[in-house]
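The values are calculated or read from the model by the stated rules, or taken from the named source; none is laboratory data. Predicted model only: the values in this text are computed from it and were never measured. Ideal geometry is used to build each Cβ from the backbone, glycine not excepted, and the neighbour counts take in all protein chains shown. Accessible surface is based on the protein model in full, side chains and every heavy atom, while ligands, DNA and RNA are left aside. Shrake-Rupley method; radii C 1.70, N 1.55, O 1.52, S 1.80 Å.
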Amino acid sequence: MAKLIAIDPFNRLEGDLRVELEVDANTVISAKSSGIMFRGFERIMPGRSPMDALVITPRICGICSGSHGVAAAKCLAQAQGAEMPENGFHMKNLILGIEVVMSHLSHYYLLFAPDLTSPRYNKLSVYESVNQRFTAMNGSSVVLALKARQSALEIMGLVGGKWPNSLAIHPTGTTSTMNLSSLTRTIGILNEFRDFLEKRFLGCALSEWLDIDSFDKLLEWQSNPQHGESDLGLFLTMCLEAGLDRIGKGPNRYMSYGAYDLPDGSTWLPKGYFDGRTKPFDQALIKEHIGASFFRDAVEARHPLDGVTSPLADKTGAYSWAKAPRYDGKTVEVGPLARMIIAGDPLLTDMIRQMDSSVMTRMFARLREMCRLTKEMSNWLERINPAEPFYAVPSSRFTSNGIGLTEAARGSLGHWMKISSNLIDNYQVVTPSAWNMSPRDENGQPGPVEQALTGVSVSDTNDPVEVNHIIRSFDPCMSCTVH
Ligand code: NFE
Ligand code: MG
């Protein structure tokens, strides 16, 4: 007979998540992901000055405030028809990039890796080394990662003034600037961070690891002991021995809004929708469903620009305070794996072809992106010209609605704003974790994490480590999810 397991609260996670699993003969046959808190940011925005979005929306989250700032600024820039000097592009990309790098580093070492040290794995060849490196709080690599995180935060301070909730991000650039001295310091600190990646995380030069373009070459790389005993090498061995390459299959549809706007109108990471092949992305195809969400409305699904946020705590059949965003009516996975596939990263493209989406592919995509960004940030720093402006004086008139799309650490982040008489009429936010952690939609389709959990075999229902790995591989943030 099927047994119901509830994990509530799910630990080592931003915000509050309840997971309910129906388990039959040690196999999960159905899963429910619930955001158990209402926050109401969308309710406090109407009637305010549009510029207030820059101050209020970053408070949605303590770990991705910069991403919300960037999305709000893009939204406002569209509504104002604002122009931005070149330095503004690079500064905003650095703020977003360092936040993402810091987030991926913290996720791996502080949130994900402690599950790898479970006594469950004491028969694996890497058990001792994994415990020595990744034990929560005092594993030898965890201690070094915390120091590296501090370097990343110093860069954030130099570029964005403060973190979280930098006030420097504006539609027309940044109110923080850099001079030759702060630029030199930032480059030095970024080099220290790169040093940690090369010496401890990879056991080789960043460029050597980024040149790996297939899974076979990754295995070849790992056979060199210097690489195999790096944090990433150990993790790869662990994934293969523990079967993390075989659990956590998502919907196999991916979406990216594209991010890191460049002065020539292009983006460093492209936008797209992937369902076997990459297709053009169209934000008009997004709708948020509320069939299983604690909200009332005359219709079940709306485009965010027309979104309604009207809480109904005792709604029959509802089980989450998250709405359920869908693209063209379908569930899609967002995040580093989606971005790497849509950007055509050769390693991740090959891994997905060979072994499908899984805990391992999702984690490798995140760690790959951390390295790619670290390299790219050096280029953006080089393009900053302290003698040129960082900010243009904005217009105080808002002539159209605004849509601000970007990519936060956890995936596609969008802000939609309707303006009336120079005031906010409606402000809707759709966060990455709302996509990945969404409940069922009006057609009963489970969200991506719910789908990834279904079918997994759990060896000990009192300690479902497999479930922990799968949920954490999406790096959920429930504060953002329910906003
Ligand atoms: Ni609260 Fe966030 C990111 C956003 S996740 S962490 O990354 O937006 O939904
Ligand atoms: Mg919303």
Residue list for the range 268-279, filter: under 18 Å from R410 (Cα atoms) and touching a Phe, Trp or Tyr at 6+ places or on another chain (Cβ under 7 Å): W268, L269, K271, G272, Y273, F274
Determine which member of the set D306, D350 is on the phi < 0 side of the Ramachandran plot and out of contact with any strand residue (DSSP E or B) (no Cβ under 9 Å at 6 or more places or on another chain). D350
Residues of the range 268-311 being under 30 Å from W380 (Cβ atoms) and of a type in the set (A, V, I, L, M, F, W, C), in sequence order, are W268, L269, F274, F281, I286
Is it true that some residue in the range 115-125 is more than 23 Å from E86 (Cα to Cα), touching a Leu at 6+ places or on another chain (Cβ under 9 Å) and small (G, A, S)? no
Of the residues in the range 447-482, those that are under 28 Å from L105 (Cα atoms), of a type in the set (D, E, K, R) and surrounded by fewer than 22 Cβ atoms within 10 Å (Cβ to Cβ) number 1
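The rows are residues; the columns are (1) within 16 Å of ligand 1 (Cβ to nearest atom); (2) under 21 Å from T186 (Cβ atoms); (3) in contact (Cβ under 8 Å) with a residue 40 or more places away in the chain; (4) of a type in the set (G, A, S).
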{"residue": "P46", "(1), (2), (3), (4)": "no, no, yes, no"}
{"residue": "R59", "(1), (2), (3), (4)": "yes, no, yes, no"}
{"residue": "A72", "(1), (2), (3), (4)": "yes, no, yes, yes"}
{"residue": "C75", "(1), (2), (3), (4)": "yes, no, yes, no"}
{"residue": "A82", "(1), (2), (3), (4)": "no, no, yes, yes"}
{"residue": "G88", "(1), (2), (3), (4)": "no, yes, yes, yes"}
{"residue": "E99", "(1), (2), (3), (4)": "yes, yes, yes, no"}
{"residue": "L105", "(1), (2), (3), (4)": "yes, yes, yes, no"}
Any residue at all in the range 328-340 that's in contact with a helix residue (DSSP H, G or I) (Cβ under 6 Å, 6 or more places away or on another chain), more than 30 Å from S181 (Cα to Cα) and more than 16 Å from ligand 1 (Cβ to nearest atom)? yes
More than 11 Å from ligand 1 (Cβ to nearest atom), free of Cβ contacts under 8 Å to residues at least 40 places away in the same chain and at negative phi: which single residue out of A25, A31, A6, A53 fits that description? A6
Hey, could you check the range 305-318 for residues that are open to solvent by 30 Å² or more (accessible area, probe 1.4 Å) and over 18 Å from W416 (Cα atoms) and say which is nearest to ligand 2 (Cβ to nearest atom)? P311
The listed residue being in contact with a strand residue (DSSP E or B) (Cβ under 8 Å, 6 or more places away or on another chain), within 14 Å of ligand 2 (Cβ to nearest atom) and either aromatic (F, W, Y) or at pLDDT 95 or above (or both), out of S412, S457: S412
Every listed condition ((1) under 15 Å from S357 (Cβ atoms); (2) touching a residue at least 60 places away in the same chain (Cβ under 8 Å); (3) of a type outside the set (D, E, K, R)) holds for P263 save (1)
Only one of these conditions is not met by K287: (1) within 21 Å of V449 (Cα to Cα); (2) assigned to a helix (DSSP H, G or I); (3) not aliphatic (A, V, I, L, M). Which number is it? (2)
Select from the range 241-264 the residues that are part of a loop (DSSP other than H, G, I, E, B), more than 21 Å from M340 (Cα to Cα) and open to solvent by 10 Å² or more (accessible area, probe 1.4 Å) and list them in ascending order. P263, D264
How many residues does the range 127-150 hold that are in contact (Cβ under 8 Å) with a residue 12 or more places away in the chain and open to solvent by 10 Å² or more (accessible area, probe 1.4 Å)? 9
Exclusive hit being small (G, A, S), under 22 Å from the mean Cα position of the chain (by Cα) and modelled with pLDDT of 95 or more, set G88, G139, G160: G160
Where the second residue is assigned to a helix (DSSP H, G or I) and the first is without any contact (Cβ under 8 Å) to a residue 40 or more places away in the chain and lies in the range 202-222, which pairs have Cβ atoms under 6 Å and are six or more apart or on separate chains? G203/Q226; G203/H227; C204/H227; A205/E198; W221/H227; Q222/G228; Q222/G233; Q222/L236
